[in-house]
Amino acid sequence: MNTWIKNGHLLDPDTGRDGLFDLLIENGIVKAVGSVSEEQAGGYEVIDASGLYVMPGFIDLHVHFREPGYEYKETIATGMKAAAKGGFTAVCPMPNTNPVTDRAERIKKMLDIGRKEGNGVHLYPVGAITEGQEGTTLADIKGMVKAGAKAVSEDGKSVADAGLYRRAMRIAKEEGIPVLAHCEDRSIAGNGVINEGEKAEELGLPGIPCTAEDVITARDILLAKETNVRLHLCHCSTKDSVHMVRAAKAEGLLVTAEVCPHHFTLNQEDIIPDDADYKMNPPLRGKEDMAACRKGIAGGSVDVIATDHAPHGKEEKELPMADAPFGIAGLETAFALTVTELVKTGYLTPMQMVEKLSLGPARILGVQGGSLKEGSCADLVIADLDNAYRIDKNTFVSKGKNTPFHGRAVTGCIMKTLIKGEVIYQND
Ligand code: DOR
Ligand code: ZN
Ligand code: ZN
């Protein structure tokens, strides 16, 4: 199908185009950018994007789809639907499923299910670093890469054994894939539930100190320096982590970082007692940490906004804070929170926002995307940056309704998501 997207405000971080440009799409490819004549586009499907922004599809480096093992929380197909609704045309599913994605056949299986049951959103699977994420035996990283894994991670935890992790980094380096690091020292985090500090004391909950994240961030950066692997730090939440990323970049290391919308929008003061929708790992930190995350994003230390989309069932999230699982559903709120909290407040220009959501992640993964220049794949999103509404979890297409943002006033709405020129999501 051929499409003419007219009158939209194009934001293309690859070419720097920031203004009114029409797009002509032929056979899933961006054929022409700029003014298009009626005769050039004769017979083409017309999408009128007047008053809207046209951007490369977003790429989420960090999602949890729960298939296999916890399909009641999310399946690959429902996760892909939520992605499309959130403006994401590609996602990286983390390996902490049951069984764990720790071998080639499971990578293949995921891709196969995505192809058969999905909506076309690109899946870039992340393989585990150790078998069963048990931290003792290295997984078959090379085999997984051959099968289509685009990165490795032990997300949900860190590899505690630094020697083993160092070997994994060497293999990842050889294979040319990044290591996505969940930084958490379990011996410090213990059975903590929310950030250690006044709030935890007030609520009588065990705390997770910032150092649980920071000591592993430091370790991982040092190992990345030695092995020269591309290290991407997941869900940075502390001011010291942001500081360490900045220092690593200044040293020229291949270190990048993401911050999740919940960590730049909320801090521990916002936690509602006994509401496990405020429970995630890493936890909501102090005000200074939140401010450091915002500044890190604005100043360029933080390359990516990723969701850590972590859907859970209603019953388990209704458990007492201490017993409920960590995580929030993030795919369908990330864009609006980014616009509201970072663009409308002046931390990011719309173009910088698109960079953090598309080109940044594409570069880290080494995949196509983040560009709408002539010849690129027509994976794109059309959005309204001024549409104001309240987040309603009952409208989520994700199975996970676990969000602390229900009822929150936001601005910014995805109108259409296209993959290879085909509309896969449309806001009616
Ligand atoms: O909040 C989180 N949820 N953090 C993690 O590290 C894991 C994730 C999950 O899988 O639910
Ligand atoms: Zn994690
Ligand atoms: Zn995660």
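Any read-out appearing in this document is the output of simple, stated calculations on the displayed coordinates, not a laboratory observation. For clarity, every value in this text was computed on a predicted model and none was experimentally measured. Here the Cβ positions follow ideal geometry from the backbone for every residue, glycine too, while neighbour counts run over all protein chains shown.
Could you work out the local net charge near ALA212, counting Lys and Arg as +1, Asp and Glu as -1, over the other residues with Cβ closer than 14 Å to its Cβ? Net local charge, ALA212 excluded: -4. Excluding the site residues themselves, the longest part of the chain lacking any GluC sites (Glu not before Pro) in a DSSP loop with at most 10 other Cβ atoms within 10 Å is 40-250. Note on segment 238-343: Rg/Rh from Cα positions, Kirkwood definition for Rh, rounded to two decimals, is 1.01.
Each label was represented as a point 7 Å from its Cα along the Cα-to-Cβ direction; for LEU20 and GLU39 these points are 2.3 nm apart.
Taken over the C-alpha atoms, segment 1-133 has Rg and Dmax values of 18.6, 58 angstrom. Going Cα to Cα from LYS416, which lysines come in below 17 Å? Please leave out same-chain ones fewer than 8 positions away. Partners within reach: LYS6, LYS81, LYS85. Extension gain, GLU315-ASN2: 0.36 nm per intervening residue step, less the Cα-Cα distance, totals 108.1 nm.
Note on the chain: GNM, Cα springs under 10 Å; of VAL145, VAL255, VAL36, the largest mean-square fluctuation is that of VAL36.
Taking the three principal axes of the alpha carbon atoms in the chain, the coordinate ranges are 67, 45, 43 Å, sorted in descending order. Size check on segment 309-417: the Cα extents along the three principal axes, sorted descending, read 52, 31, 25 Å. To test your reading of the geometry: what angle, between 0 and 90 degrees and rounded to tens, separates the Cα axis of helix 239-250 from the longest principal axis of the chain? So the inclination is approximately 60 degrees. Spin-label pair GLU134-ASP112: with each label point 7 Å from Cα along the Cα-Cβ axis, the two points sit 2.5 nm from one another. Springs between alpha-carbon pairs under 10 angstrom, Gaussian network model over the chain: which of ARG294, ARG408, ARG285 fluctuates most? Sorting by GNM fluctuation, first place goes to ARG408. In plain terms, the residue of VAL215, VAL121 with the fewest other Cβ atoms within 10 Å comes first and the most crowded comes last, giving VAL215, VAL121. Rounded to the nearest 20, the Cβ-based charge dipole of the chain about its Cα centre (Lys and Arg +1, Asp and Glu -1) stands at 820 debye.
Which of the lysines could be linked to LYS173 by a straight reach, that is with a Cα gap under 27 Å, when you skip same-chain ones fewer than 8 residues away? Qualifying lysines at Cα under 27 Å: LYS108, LYS109, LYS142, LYS146, LYS150, LYS157, LYS225, LYS249, LYS356.
Annotation: the residues ASP308, ASP22, sorted from fewest to most other C-beta atoms within 10 Å of their own C-beta, follow the order ASP22, ASP308. Given the DSSP H assignment, sum -39500 (n - 2.57) over each helix run of at least 4 residues in the chain and divide by its residue total; what's the result at 222 nm in deg cm²/dmol, nearest 500? Calculated mean residue ellipticity at 222 nm is -8000 deg cm²/dmol.
Relative to the longest principal axis of the Cα atoms of the chain, the long axis of helix 162-175 makes an angle of roughly 20 degrees. How far is helix 76-85 tilted, in degrees, relative to the longest principal axis of the Cα atoms in the chain, given as a value from 0 to 90 rounded to the nearest 10? The angle comes out at about 60 degrees. Considering only Cα atoms, the convex hull volume of segment 119-204 works out to 140 Å³ per residue. Close amide H pairs (under 5 Å, H built 1.01 Å from N) link ARG17 with ASP12, residues at least 5 positions away or on another chain. Taking every Cα-Cα distance in segment 205-266 and sorting them into 5 Å bins starting at zero, the pair-distance distribution P(r) comes out as 4, 18, 29, 24, 14, 7, 3, 1, 0 percent.
Test of understanding: in a Gaussian network model of the chain with alpha carbons linked when under 10 Å, which of GLY79, GLY127, GLY204 would top the mean-square fluctuation ranking? Ranking GLY79, GLY127, GLY204 by mean-square fluctuation puts GLY204 first. When ASP274, ASP185 are sorted by how many other C-beta atoms sit within 10 angstrom of their C-beta, beginning with the fewest, the order is ASP274, ASP185. Database remark: amide H of ILE47 closer than 5 angstrom to the amide H of TRP4, ILE5, LYS6 (H placed geometrically; neighbours at sequence offset of 5 or more, or on other chains; Pro and chain starts carry no H).
Computed 3J(HN,Hα) for segment 359-371, one whole-Hz value per residue from the Karplus formula 6.51 cos²θ - 1.76 cosθ + 1.60 where θ = phi - 60°, is 5, x, x, 4, 5, 5, 7, x, 10, 5, x, x, 8, glycine and proline marked x.
Close amide H partners of ILE424, meaning residues 5 or more places away or on another chain with modelled amide H under 5 Å apart, are THR417, LEU418, ILE419.
With R₀ fixed at 41 Å, the C-beta to C-beta distance from ASN228 to THR345 puts the FRET efficiency at about 0.65.
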